[in-house]
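Working notes, structure below.
Nothing in this text is a laboratory measurement; each read-out follows from the coordinates by a stated rule. Quick caveat, the model's predicted, so the values are computed rather than measured. For neighbour counting, all protein chains shown are included, and Cβ atoms are generated from backbone atoms with ideal geometry for every residue, glycine included.
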Amino acid sequence: MKKKNVTAPFSVFVLSCLLIFSACKGKPENKAKEALEKGKTKMTIEKKDFGSLPDGQKIDLYILKNPEGMKAALTNYGAILVSLEVPDKNGEFADITLGYDDLKGYLEETPYFGATVGRYANRIKGAAFTLNGKEYYLAKNNNNNHLHGGIKGFDKRVWNAETFKKDDSAGITFRYLSPDGEEGYPGNLSCAVTYTLTQNNELRIDYEAETDQATPVNLTHHSYFNLKGQGNGDILGHELFINADKYTPVDGELIPTGEILPVKGTPMDFTSPTAIGRRIGQVPGGYDHNFVLNGGQVTLRLAARVFEPESGRVIEIYTTEPGIQFYSGNFLDGTIKGKSGKIYEQHYGFCLEPQHFPDSPNHPEFPSTILKPGDKYSTTTVFRFPIERESSGAGR
């Protein structure tokens, strides 16, 4: 009599169970849960000592890191972005922002590396404006004009810092109360600037402010970027797109004339990706101009995009602001020793600063920058870092 094979049914049963388990494990909801758990464990915030002020006050450095390896280091001195590490097309990370290794550099003469700029970014002609029939006189720190908040603007103040961490992001909110009369501005201005690093390689900046007296407010971020890595040559081969059909011409002191002109047919035309160095020789002194962004204001939309062909790094800038200042690092002259001992020569970094127009308090035809009691100042800028492998062919 032939024996029955009693192991076969059992083997089939075990195999079936394994297949069912495997199928369940691969379900989208389980994968989403795994990704969520991964994010919870890998989004990190580290706090370090960054030095002391001359009066002994301790300053901190906060390092945000996402699961992809992107890092953003920020300090409560000036709400400054000290470094930003992003990958290239080969997955190699580099710090793409100019700056200093320690607090000392920021306490000395600095061209606003990584700064939060305020109470008013950019220039105000004659360091004066009239508001509600009264003339206000501001600190003069740019020849006869007022620049980036004055002698001791927001970039030179100590901010209160509060960190936070979510499933898909980590960040810091910096807070500062600018008192009535600071640098000549009216009203007590309560400010909050929130930096958020996401799992999708985005750095988001949200600005908020309230006042007890009408005052001009125009906050921005002032990083100098080099997508090859800080200190690794000039940025003239970077390919720039600016979503702007118009710009505001300036006089010899870089103060807007009040005109709003089309960029077409001028060296200001970046409506198609163009190497920064291609027409810079046609612009006396280099680029330091405000562009009138398409799409008005309030809506978060693409303002600019820069591609660096060698590294494949890209920066996309989205903002709710009506303008963006493009600066090509004209005043860098080789006298600054930055991070890792790198020397910053002319055009070794570029700035793209989303903001309202320069000298708006003296130009009623420009979008207003006046914040009134009971109203809330609120703007957003997002820096995104995708990777691109091929050049558009818009070389120098």
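Starting from 0.36 nm per residue, how many nanometres of slack lie between Thr271 and Gln57 once their C-alpha separation is accounted for?
On the way: separation 214, 0.36 × 214 = 77.04 nm, distance 4.69 nm.
Net length gain for the segment: 72.3 nm.
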* **In range of the label at Glu365: residues from segment 224-246 whose backbone nitrogen is under 18 Å from the point 7 Å along Cα→Cβ** => 245-246
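Figure the gain on full extension for Glu109 and Glu68 (residue separation times 0.36 nm, minus the Cα-Cα span) and round it to one decimal in nm. Write down the numbers at each step before the final one.
Numbers: separation 41, 0.36 × 41 = 14.76 nm, distance 3.46 nm.
Going from the current span to full extension adds 11.3 nm.
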* Structure fact -> Counting only residues 5 or more apart in sequence or on a different chain, those whose built amide H sits under 5 Å from that of Ala303 are Ile317, Tyr318, Thr319
* For segment 42-384, with the dipole built from +1 on Lys and Arg beta-carbon atoms and -1 on Asp and Glu ones, taken about the Cα centre, which of Ile260, Thr110, Gly78 lies farthest toward the positive end? -> Gly78
* Structure fact -> With 0.36 nm assigned to each residue of separation and the Cα-Cα distance removed, Asp49 to Asp180 gains 44.0 nm
* Asked: Quick one: if you take sqrt(5λ) for each eigenvalue of the C-alpha gyration tensor of segment 99-207, what semi-axes come out, biggest first, whole angstrom?
  -> 29, 17, 12
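When a/c reaches 1.5 or more, the comparison of a/b and b/c decides; with that in mind, is segment 76-161 rounded, prolate or oblate per its Cα gyration tensor? Walk me through the numbers before you get to the answer.
On the way: a/c = 2.74, a/b = 2.38, b/c = 1.15.
Prolate.
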* Structure fact -> Here segment 96-110 yields Karplus 3J(HN,Hα) values (6.51, -1.76, 1.60; θ = phi - 60°; whole Hz; Gly and Pro given as x) of 9, 10, 6, x, 10, 6, 9, 5, 3, x, 6, 7, 8, 5, 9
* Structure fact -> With Cα coordinates, the longest principal axis of the chain makes an angle with the long axis of helix 28-42, in degrees rounded to 10, of 50 degrees
* Asked: Relative to the first principal axis of the alpha-carbon coordinates of the chain, what is the inclination of helix 7-25, with its axis defined by its Cα atoms, in degrees from 0 to 90 and to the nearest 10?
  -> 10 degrees
* Asked: Once the Cβ-Cβ distance between Phe164 and Leu300 is put in as r, and R0 is 30 Å, what FRET efficiency do you end up with, to the nearest 0.05?
  -> 0.90
* **Percent RCO, i.e. relative contact order, over segment 224-368, from Cα pairs under 8 Å lying at least 6 residues apart** => 28 percent
* Which residues' amide hydrogens lie under 5 Å from the amide hydrogen of Leu371, considering only partners 5 or more residues apart or on another chain, with H built in the peptide plane? -> Thr215, Val217
* Asked: Can you list residues whose amide H is under 5 Å from Val263's amide H, if they're 5+ apart or on another chain and H is modeled 1.01 Å from N?
  -> Lys246, Tyr247
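Where a ≥ b ≥ c are the square roots of the eigenvalues of the C-alpha gyration tensor, would you call the chain rounded, which needs a/c under 1.5, or, failing that, prolate if a/b is larger than b/c, or oblate?
The shape class here is prolate.
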* Relative contact order %, the chain, counting alpha carbon pairs below 8 Å whose residues are six or more apart -> 16 percent
